[in-house]
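Engineer: Have a look at this one before I ask anything.
The values are calculated or read from the model by the stated rules, or taken from the named source; none is laboratory data. As the structure is a prediction and not an experimental result, all values here were calculated from the model. All Cβ positions, glycine included, derive from the backbone under ideal geometry; neighbour counts span all protein chains shown. What goes into the accessible areas is simple: the full protein's heavy atoms, side chains included, and nothing from ligands, DNA or RNA. Shrake-Rupley method; radii C 1.70, N 1.55, O 1.52, S 1.80 Å.
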Amino acid sequence: AAAGGAVIVFAVAPSYGLRLAQDRELAGGDGLALLQGLAREPMAAPAVYEKLGIAHMHRAQYVQARDAFQRAVTTGGATGDAWLGLALCALYLGDGDGAYHAAQSCLNVWPADIDAWAVAMAAAPEA
């Protein structure tokens with residue numbers, strides 16, 4: 001009954017599920033499994049994919065992180081965090097063009113973000 005109740009709470013208040021997953025991550029637990037479960041929901045919010053991407057990045061799972069950030073930006077969650085995460089993953093995976101374009105998209109949201117500028121400069125095409 002508790003597990004079923006938890007699913008209902010997450011469906012009604014997905015922010016509760018995100019907070020719970022984040023708290024587990026910060027406590028050294030496994031919030032990743034909870035985030036993966038939330039991401040399987042048909043109406044998963046873009047924030048779920050963003051947090052899932054961050055959790056994968058903390059584990060150096062850059063392909064999975066890139067996929068999660070990509071899902072966040074294509075489902076209406078084009079936040080600076082999502083674009084920056086996508087840029088960093090692309091850079092770590094050797095995709096300079098993808099890193100540059102994602103960093104530019106991040107800078108459209110956060111023009112003064114120093115990390116986005118660093119990725120953009122590192123990945124800028126040579127003239």
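Engineer: In Å², what does the accessible area per residue of segment 57-127 work out to with a 1.4 Å probe?
Structural biologist: Using a 1.4 Å probe on heavy atoms only, each residue of segment 57-127 averages 56 Å².
Engineer: Summing +1 for each Lys or Arg and -1 for each Asp or Glu, what net charge is found among the other residues whose Cβ lies under 13 Å from the Cβ of residue 120?
Structural biologist: -3
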